[in-house]
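Okay, so here's the structure we're looking at.
All of the numbers you see were taken from the coordinates with simple rules; none came from a lab. These numbers come from a predicted model, not from an experiment. When we count neighbours, we look across all protein chains shown, and the Cβ atoms used for this are built from the backbone with ideal geometry, even at glycine.
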Amino acid sequence: MKYLGRNTLSILGIAAVTMLATLAFMGPNGVQAEDGEDAKNAATLAKVSPEISTPKLEEDNCTITLTADKETYTVGDKPVLTFTVKNDSDKEVVKSVKVSMFARDLESRGRMPAMAIEVWTKTTEVTLAAGETKTVTLETGTAIAEHNATSFRMSGATDVLSKEAKLRKAVEEVARRNTN
């Protein structure tokens, strides 16, 4: 008990030194310097670096990759996305690929973070011969919004259909609609 005051002063001294070191490192001359290449001004704050949450899919003997036309967008830009499908099998396949753009509000004031909302989506079917590779370019037409985190997501179908199977499935759907 007689060393309680001395121990408390020691802990407070260590905390003060730690705080000063942190402020020196994070202060205007440290990591967050305002005069470097990444100065925090209106132009750099308007830049958005979207995340591609699913850049590559491998399913049904096909490899699908998704890329964006830029690494960084400014508010108002309309991203152009490109996906490439490679058929690694020895049969013709029809792949259905869905590409979506999501935005999440960064200024929500609730207790829970804002949910990402799908702001654009496109599903494209690609027919590939055995060993063939095709590239599809999609213009989103949706502008990057201010104060939003943006991400892109790609998903594929879980089945591979031949042309005959695709036709049979379409005929069965039409027959089912006509019976109801």
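In the neighborhood of Glu118, defined by Cβ-to-Cβ distances under 13 Å, what is the net charge if each Lys or Arg adds +1 and each Asp or Glu adds -1?
So the surrounding residues net to +4.
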Completion exercise
Pseudo-spin-label distance Arg176 to Asn7, built 7 Å along Cα→Cβ, given in nm, is 7.2
Handout entry: Length added when fully stretched, Thr137-Glu58, from 0.36 nm per residue minus Cα-Cα
Key = 26.5 nm
Practice task
Rounded to whole Å and ordered largest first, report the semi-axes of the equivalent ellipsoid of region 48-167 derived from its Cα gyration tensor (root of 5λ).
Solution key: 32, 14, 11
Problem - Most to least packed among 90-96, 52-58, 149-155 [average Cβ atoms within 10 Å] - result: 149-155, 90-96, 52-58
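What does the charge add up to near His147, with Lys and Arg as +1, Asp and Glu as -1, over the other residues with Cβ less than 11 Å from its Cβ? Display every interim value, and only then the final one.
Numbers: positive: Arg104; negative: Asp105, Glu107, Glu146.
Computed value for this residue: -2.
If you take the alpha carbon radius of gyration of region 78-143 and divide it by 2.2 N^0.38 Å, what ratio comes out, to two decimals? Let's see the in-between values first.
Working: Rg = 16.8 Å, N = 66, 2.2 N^0.38 = 10.8 Å.
Its radius of gyration relative to the 2.2 N^0.38 Å reference: 1.55.
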Handout entry: Net charge, Val80 excluded, C-beta distance under 14 Å - Lys, Arg +1, Asp, Glu -1
Key = -1
